[in-house]
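Since the structure comes first, as structure tokens, the remarks are kept for the end.
The values are calculated or read from the model by the stated rules, or taken from the named source; none is laboratory data. Note that this is a predicted model, so its numbers are computed, not measured. In this analysis, Cβ positions are derived from the backbone assuming ideal geometry, glycine residues included, and neighbour counts consider all displayed protein chains. Surface areas here come from the heavy atoms of the whole protein model, side chains and all, with no ligands, DNA or RNA. Shrake-Rupley method; radii C 1.70, N 1.55, O 1.52, S 1.80 Å.
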Amino acid sequence: MAASSNFSSISRSGEKPYSLSVNPSKAPVCFSPKTLQKPSFVHRPSSCQPLSQAHKPAVVLSSKNPIAGVVSAGNADPDSGFVLSDHDEKPREECGVVGIYGDPEASRLCYLALHALQHRGQEGAGIVTVNNNVLQSITGVGLVSDVFNQSKLEQLPGDSAIGHVRYSTAGSSMLKNVQPFVAGYRFGSVGVAHNGNLVNYRALRAKLEDSGSIFNTSSDTEVVLHLIAISKARPFFLRIVDACEQLQGAYSMVFLTEDKLVAVRDPYGFRPLVMGRRSNGAVVFASETCALDLIEATYEREVYPGEVLVVDKDGVQSLCLMPHPEPKKCIFEHIYFSMPNSVVFGKSVYESRRAFGEILATEAPVDCDVVIAVPDSGVVAALGFAAKAGVAFQQGLIRSHYVGRTFIEPSQKIRDFGVKLKLSPVRAVLEGKRVVVVDDSIVRGTTSSKIVRLIKESGAKEVHMRIASPPIIASCYYGVDTPSPEELISNRMSVEEIREFIGCDSLAFLPINSMKKLYDEEAPNYCYACFTGNYPVLPTELKVKRVGDFVDDGLNGSIESIDGGWVQASRNQVAQKVASSS
């Protein structure tokens, strides 16, 4: 079945002008073997029951404001000499994963698929293959094209592979933390690549260390390998089930053994994971469908929340990991993280973003002469806004794609130097015009203030900001790196105060109720914690920025690359923070 959008066309009239139709043939809670080569191990038509009773219901944190961060950082002054990069201002997804079974070109296809997922992580990349029952691994720091070349891929023969592109949220940016991880244990070897974040990582690690486990990395993913190694379940895939039943938080993972490829998704389905198939029968898993498209694999379906898929010489088999509650898919995949050409959670990312822009044009109209976008993530929403408003869309900001991670700053201070390196205003488009600028989100507000100033300095008569997401007031604990709540401008200021801070003539965010109406009956199946502070899984370990989390392992790094560490929060500390934010 080819990938296709489940979106209905947006009607111009009626009671639900932005309604998204949902495919009536919903995926069953227990998994039909319809797309599988063999029947599932577990088949319960009515509901998905646990393989054990270890899974406990999640505690929901319900409060107006999120759990406060421990350390506040950052200079909110838009005139500060400190240059914020694009990555400092936008939330960052943790990573992307790929798994391929049954193709003689597995490592090369994995390499190409990781290229397609490069936007999900730029700090490191790795591939593991299996050849003659031996797992072979190459990992490195940097972009996929920096880590791999022809000679390295020739060192990775075999017809099965898993791959990973990394941006770290747990564990600092070091070579030893680059995935996939490979570990040997008494029954063989296993490799794992993980997208997401475990909210009980520290507690699990402490328990394992108390039992004698020795850790080589500071990544939460290594905990999974230890849990597999100490499990007494047989056969191997039940060890994965045993390990995952102890995890809390977000995880979409692919595992590789001597004879199997296993894909698993957490019971809430926070992070995406899709399955496809190449014409030669090879099975492919990836974080987004854009990776399937590049390697000419046909999209079949999502890996369902709480599902384990086992691929071996006998075909693809499915079983339920544990009973899953109402799914809580990350809404930011459609707002920002995923590529517009991807189908994520069964829906076209492009159509979502265009619809967001149409909603903004309807609910926050403004008299204007031109609509522009903050490239690249604001472009599709801007196209929707312009079409609905009947105003021309033009490229008022040109993005440079050749700015490296580091650059030499001029000795004489140039205001907004970092933003000017990446975004160049087009005076012919902006001069004398009333301009609407569409962006996907505002996090700290510093970059937005600089963009507004650039546009006004190019002669714009008015600058109106339209944001294609609701205000972000809470940190994410499910695999997205967001600042502490004190750094989130929408957590500290009203919309009018933000407007004054960034210097625009008007400001409007996408109303959360309108966004939910867009997804119609699917709306409850998304996670909105970053907009509401209501967490599907209670975060008991708080993120803070700590210099001590950066350990020099001989790689070049800067203070800006220090990753946010984790500290254990006592129950009293969490309760106090919840009470103070209520």
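Points to keep in mind about this one:
- Pick from the stretch 420-457, criterion open to solvent by less than 10 Å² (accessible area, probe 1.4 Å) and polar (S, T, N, Q), ranking: nearest to the chain's Cα centre (by Cα): Ser441
- Residue-level check: of (1) closer than 26 Å to Ala355 by Cβ; (2) in the same structural domain as Leu198 (by the TED database); (3) open to solvent by 20 Å² or more (accessible area, probe 1.4 Å), Ala286 misses just (3).
- When Val349 is tested against (1) touching a residue at least 60 places away in the same chain (Cβ under 8 Å); (2) in contact with a His (Cβ under 7 Å, 6 or more places away or on another chain), exactly one condition is not met: (1).
- The residues of the stretch 267-278 that are within 20 Å of Tyr251 (Cβ to Cβ) and out of contact with any Pro (no Cβ under 7 Å at 6 or more places or on another chain), listed by number, are Phe270, Arg271, Pro272, Leu273, Val274, Met275.
- Annotation for the stretch 261-281: at least one member residue is open to solvent by 10 Å² or more (accessible area, probe 1.4 Å), farther than 18 Å from Arg239 by Cα, touching a residue at least 24 places away in the same chain (Cβ under 8 Å) and under 19 Å from the mean Cα position of the chain (by Cα).
- Condition check for Ser506: surrounded by fewer than 18 Cβ atoms within 10 Å (Cβ to Cβ), polar (S, T, N, Q) and in contact (Cβ under 8 Å) with a residue 24 or more places away in the chain: yes
- All strands (runs of 3 or more DSSP E) inside the stretch 279-323 with 3 or more residues being farther than 17 Å from Met253 by Cβ: 297-302
- Residue in the stretch 490-498 that is open to solvent by 40 Å² or more (accessible area, probe 1.4 Å), assigned by the TED database to the domain that holds Arg399 and closer than 24 Å to Tyr350 by Cβ present: no
- For the stretch 250-272, a residue qualifies if it is among the aliphatic types (A, V, I, L, M) and closer than 10 Å to Gly196 by Cβ, and the qualifying residues are Ala250, Met253.
- Just so you know, in the stretch 375-397 the residues that are assigned to a loop (DSSP other than H, G, I, E, B) and over 19 Å from Glu431 (Cβ atoms) include one that is least open to solvent (accessible area, probe 1.4 Å), and it is Gly378.
- The stretch 285-311 - residue that is charged (D, E, K, R) and more than 18 Å from Ala193 (Cβ to Cβ) and, of those, farthest from the chain's Cα centre (by Cα): Glu296
- Criterion violated by Phe237 - all others in (1) open to solvent by 10 Å² or more (accessible area, probe 1.4 Å); (2) closer than 22 Å to Gly306 by Cβ; (3) of a type outside the set (Gly, Ala, Ser); (4) touching a helix residue (DSSP H, G or I) at 6+ places or on another chain (Cβ under 8 Å) satisfied: (4)
For every residue, the table says whether it meets (1) in a helix (DSSP H, G or I); (2) touching a residue at least 60 places away in the same chain (Cβ under 8 Å); (3) of a type in the set (Val, Ile, Thr).
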position	(1), (2), (3)
Glu326	no, yes, no
His334	yes, no, no
Asn341	no, no, no
Gly357	yes, yes, no
Cys368	no, yes, no
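- One residue from Glu351, Glu363, Glu302, Glu307 being assigned by the TED database to the domain that holds Ala286 and open to solvent by 20 Å² or more (accessible area, probe 1.4 Å): Glu302
- The C-beta contact set for the stretch 427-440 (first residue over 14 Å from Phe356 (Cα atoms) and outside the structural domain of Ile451 (by the TED database), second residue surrounded by 23 or more Cβ atoms within 10 Å (Cβ to Cβ) and among the acidic types (Asp, Glu), distance under 7 angstrom, 6+ apart or interchain) is empty.
- In the set (1) at positive phi; (2) open to solvent by 30 Å² or more (accessible area, probe 1.4 Å), Val182 fails one condition alone, (1).
- Reported count of residues in the stretch 152-179, each being at pLDDT 85 or above and open to solvent by 60 Å² or more (accessible area, probe 1.4 Å), is 4.
The rows are residues; the columns are (1) at pLDDT 90 or above; (2) outside the structural domain of Asp481 (by the TED database); (3) closer than 25 Å to Tyr535 by Cβ.
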position: Phe181; (1), (2), (3): yes, yes, no
position: Gly184; (1), (2), (3): no, yes, no
position: Phe187; (1), (2), (3): no, yes, no
position: His194; (1), (2), (3): yes, yes, yes
position: Asn200; (1), (2), (3): no, yes, yes
position: Ala206; (1), (2), (3): no, yes, yes
position: Ile214; (1), (2), (3): no, yes, no
position: Asp220; (1), (2), (3): no, yes, yes
position: Val224; (1), (2), (3): yes, yes, yes
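- Subset of the stretch 484-531 [within 22 Å of Arg271 (Cα to Cα) and not in a helix (DSSP H, G or I)]: Ser484, Tyr526, Cys527, Tyr528
- Listed by first and then second residue, the pairs with beta-carbon distance under 9 Å, at least 6 apart or on different chains, first residue in the stretch 468-482 and modelled with pLDDT of 90 or more, second assigned to a loop (DSSP other than H, G, I, E, B) and among the charged types (D, E, K, R), are Ala468/Asp440; Ser469/Asp440; Ile473/Lys64.
- The set of residues in the stretch 90-112 that are under 20 Å from the mean Cα position of the chain (by Cα), at pLDDT 60 or above and not in a loop (DSSP other than H, G, I, E, B) comprises Cys95, Gly96, Val97, Val98, Gly99, Cys110, Tyr111, Leu112.
- Residue in the stretch 436-456 that is farther than 25 Å from Phe531 by Cα and not in a helix (DSSP H, G or I) present: no
- Per the listing Val254, Val141, the residue uniquely at pLDDT 85 or above, β-branched (Val, Ile, Thr) and under 24 Å from Pro536 (Cα atoms) is Val254.
- Residue match in the stretch 189-199 (condition: open to solvent by 10 Å² or more (accessible area, probe 1.4 Å) and more than 22 Å from the chain's Cα centre (by Cα)): yes
- Long-range neighbours under 7 Å by Cβ, at least six apart or interchain, first residue under 14 Å from Met253 (Cα atoms) within the stretch 208-227, second part of a helix (DSSP H, G or I) and open to solvent by 30 Å² or more (accessible area, probe 1.4 Å): Val223/Arg205
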